[in-house]
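These notes concern the structure reproduced below.
The values are calculated or read from the model by the stated rules, or taken from the named source; none is laboratory data. Keep in mind it's a predicted model, so treat the numbers as computed, not measured. All Cβ positions, even for glycine, are placed from backbone atoms using ideal geometry, and neighbour counts span all protein chains on display. Surface accessibility is based on the protein's heavy atoms, side chains included, excluding ligands, DNA and RNA. Shrake-Rupley method; radii C 1.70, N 1.55, O 1.52, S 1.80 Å.
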Amino acid sequence: MNQYLIVTDNPLVKKKVKLKTDYCENLDKVMIKVRNLVHSGYELVTHPLSGSVKPVQNPYKSVILKETDNSKLDYESLKIIEAAMVKVEQFKKNHTDRDYPKEVLKDYQTIDFSLLQSGLEKI
Amino acid sequence: MKLELGKIQIDDIEFGEETKVNNGVLTVNKDKLVKEISDNNKIESLDIELAKPGDSIRIIPVKDVIEPRVKVEGSGDIFPGVIAGEDMVGSGRTHALKGVGVVTTGKIVGFQEGIIDMSGPGADYTSFSKLNNIVITCEVEDDIEQHEHEEIIRMVGLKAANYIGKVAKDLEPDEIEEFEHKSIPEAAAEYPDLPKVGYVYMLQTQGLLHDTYVYGVDAKEILPTLISPTEIMDGAIISGNCVSACDKNATYVHQNNPIIEDLYEHHGEKYNFMGVIITNENVTLGDKEKSSNYAAKLAEQLGLDAAIISQEGFGNPDADLIMNCVNLEEKGIKTVLTTDEYAGRDGSSQSLADADPKADAVVTAGNANETVTLPALEKTIGHQKFADVIAGGFDGSLHEDGSITVELQAITGSTNELGFGNLTARGY
């Protein structure tokens with residue numbers, strides 16, 4: 001399982017998942033980290049825009065990547081993460097940083113974690 | 001499969017001694033209904049209220065809307081594999097109480113979703129404001145997990161619709177429509193000169209609050225499959241999807257899928273409607289490819305010349321939508337896509353999170369980022385305090401006077417991607 005890596009800003013993932021995890025401070029850094037990993041030979045396993053709650057509105061995102069054997073650039077993954085970053089920038093215009101109540105943050109973490117679990121069950 | 005759908009028009013609803021229909025008025029025995037649906041010991045409280053078209057009522061947060069139906073003849077019963085047993089549905093006769101919705105509301109997660117205004121400008125954005133709604137507010141024990149909470153409210157709604165639907169069993173319908181779905185060889189031979197058209201029906205299936213069930217099976221576990229449109233009318237597909245109010249397909253929308261209705265309308269005249277392929281929207285790219293390849297294979301096996309593909313939700317479903325489009329087009333099957341848009345509040349941003357030149361025929365149900373102010377109404381059923389954190393809301397959404405400024409995405413069904421609504425976009 002070493003070739004799999006989770007990039008996340010969801011604290012729940014850090015607590016509950018044993019897979020190798022790269023923990024980021026916020027959603028922006030998750031997206032940038034994922035893009036950089038794709039450039040360095042990883043491919044996306046899960047889609048970076050999974051879930052119905054829109055990016056930024058849900059401040060948490062966990063993405064599973066897989067290291068490719070030949071470290072070649074996976075253009076499909078690059079296309080998806082680049083398009084996702086454009087959508088995140090767009091949604092930032094609608095939702096500036098918000099101070100969600102703690103309970104609401106926990107619910108957002110749970111939703112992101114549930115989507116991540118759907119992906120983990122498939123690898 | 002042949003299904004007669006008997007429609008019984010309901011013009012008004014009221015509470016009373018007996019649950020029955022008389023002269024277009026549905027009377028509901030509230031105590032009996034509560035008893036029928038509150039058999040889960042995790043339920044702490046359950047209340048039922050009525051909300052009619054034109055009432056100064058806001059329902060928030062809405063979880064699901066369901067149309068009461070009942071099997072009159074034929075095998076199985078409504079909501080097979082969930083409420084009813086495992087028998088196949090879609091044949092015989094089914095009666096539907098038209099003009100009635102069972103609406104569920106209750107706190108599941110902090111950010112919540114879904115507004116139905118029964119009057120005022122908000123009512124224009126949701127078709128559910130035109131229904132006589134039986135609204136169930138269900139609260140559960142505090143320590144319950146979110147997924148269990150969602151399941152309890154889902155089941156409460158289905159049971160209520162089932163109980164109410166039974167009153168239609170012995171009624172004479174105002175109108176009977178007949179829908180037939182033939183075997184593939186028969187269907188293909190029937191109109192050999194007309195183009196063969198099918199429907200690729202994408203179901204939201206990603207995880208907690210993002211699930212859809214087919215005969216009770218979690219649809220993220222299925223490979224794409226063929227289903228008779230008449231099975232869908234009998235409740236074979238139900239919604240467990242809670243967090244994208246504007247474009248989620250409530251169970252009511254599955255029961256009354258407008259794309260299926262329109263495909264039947266011109267069947268045998270303009271085209272030969274061959275059938276429905278259901279497919280899913282999963283979180284891994286591998287599963288997306290697998291499902292998309294399989295759906296395209298089924299479309300090819302049906303001998304389709306063209307297909308309508310509808311999606312549910314935004315973001316990664318956009319990837320499924322485009323993948324399905326490209327796969328079908330590459331097999332020589334022409335596609336039309338139905339979706340909505342997240343194009344920013346000024347409408348100028350990229351609408352979807354994916355695109356391809358082959359997706360050159362797309363119908364939109366409107367821009368979910370558009371903002372709207374909903375004035376205060378006299379009564380709220382549910383929890384208005386969620387307006388500030390609701391999906392589509394933002395800091396300051398709930399004003400002191402009780403009015404709410406939100407994006408359209410907060411209104412249940414406002415930009416439904418099957419076209420079950422009033423919005424579209426036009427170029428001038």
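Here is how the numbers come out for the structure above:
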{"read-out": "Portion, in percent, of the accessible area of segment B:1-132 that falls on carbon or sulfur, probe 1.4 Å", "value": "41 percent"}
{"read-out": "Per-residue HN-Hα couplings for segment B:147-154 [Karplus 6.51, -1.76, 1.60; θ = phi - 60°; Hz; x = Gly/Pro]", "value": "5, 6, 4, 4, 5, 4, 5, 4"}
{"read-out": "C-alpha center-to-center spacing [segment B:56-83, segment B:90-141] in angstrom", "value": "10 Å"}
{"read-out": "Of all DSSP beta bridges in chain A, antiparallel share, percent nearest 5", "value": "65 percent"}
{"read-out": "Accessible area of the protein assembly as shown divided out per residue, in Å², using a probe of 1.4 angstrom", "value": "38 Å²"}
{"read-out": "Separation between Cα centres of segment A:57-106 and segment B:254-299, rounded to whole Å", "value": "29 Å"}
{"read-out": "5 angstrom amide H check on B:T380, placed H, neighbours 5+ away", "value": "B:R58"}
{"read-out": "Carbon + sulfur, % of accessible area of segment B:317-428 - ligands and nucleic acids excluded, 1.4 Å", "value": "47 percent"}
{"read-out": "Whether segment B:181-314 is rounded, prolate or oblate, judged on the alpha carbon gyration tensor where a/c under 1.5 counts as rounded", "value": "prolate"}
{"read-out": "Complex-versus-alone comparison for segment A:67-108, residues with a loss of 50 Å² or more in accessible area, probe 1.4 Å", "value": "A:K87, A:Q90, A:N94, A:R98, A:D107"}
{"read-out": "Net charge dipole size for segment B:75-135 [Lys, Arg +1 and Asp, Glu -1 on Cβ; Debye, nearest 20]", "value": "180 debye"}
{"read-out": "Which of B:G198, B:F179, B:A219, positive extreme of dipole for segment B:148-239 (C-beta unit charges)", "value": "B:A219"}
{"read-out": "Summed buried accessible surface, chains B and A, 1.4 Å probe, nearest 100 Å²", "value": "3200 Å²"}
{"read-out": "For chain B, share of DSSP beta bridges that run antiparallel, in % to the nearest 5", "value": "45 percent"}
{"read-out": "Positions from segment B:256-301 whose accessible area shrinks by 10 Å² or more when the full protein complex is built, not the chain alone, probe 1.4 Å", "value": "B:V283, B:T284, B:L285, B:D287"}
{"read-out": "Solvent-accessible area, 1.4 Å probe, carbon plus sulfur percent, for segment A:48-123", "value": "48 percent"}
{"read-out": "Relative contact order (percent, whole number), chain B, Cα cutoff 8 Å, 6+ residue spacing", "value": "19 percent"}
{"read-out": "For the protein assembly as shown, calculated [θ]222 nm from helices alone, where every DSSP H run of n ≥ 4 adds -39500 (n - 2.57)", "value": "-8000 deg cm²/dmol"}
{"read-out": "Rounded to whole Hz, the Karplus (6.51, -1.76, 1.60) HN-Hα couplings of segment B:275-281, x for glycine and proline", "value": "x, 10, 10, 8, 9, 10, 10"}
{"read-out": "All-pairs Cα distance distribution in chain A, expressed in whole percent, bin size 10 Å", "value": "14, 48, 32, 6, 0"}
{"read-out": "Residues with amide H under 5 Å from that of B:G110, placed H, sequence gap 5 or more", "value": "A:D107"}
{"read-out": "Karplus (6.51, -1.76, 1.60) ³J(HN,Hα), θ = phi - 60°, over segment B:209-225, in Hz, Gly and Pro reported as x", "value": "6, 10, 10, 9, 10, 10, 6, x, 8, 4, 5, 6, 8, 9, 7, x, 8"}
{"read-out": "The protein assembly as shown - Debye-derived log10 I(q)/I(0), Cα point model, q = 0.06, 0.08, 0.10 Å⁻¹", "value": "-0.28, -0.50, -0.80"}
{"read-out": "Amide H contacts under 5 Å for B:F15, placed H, 5+ residues apart", "value": "B:V28"}
{"read-out": "Within segment A:1-87: Cβ-based charge dipole about Cα centre, in debye rounded to nearest 20 (Lys, Arg +1; Asp, Glu -1)", "value": "340 debye"}
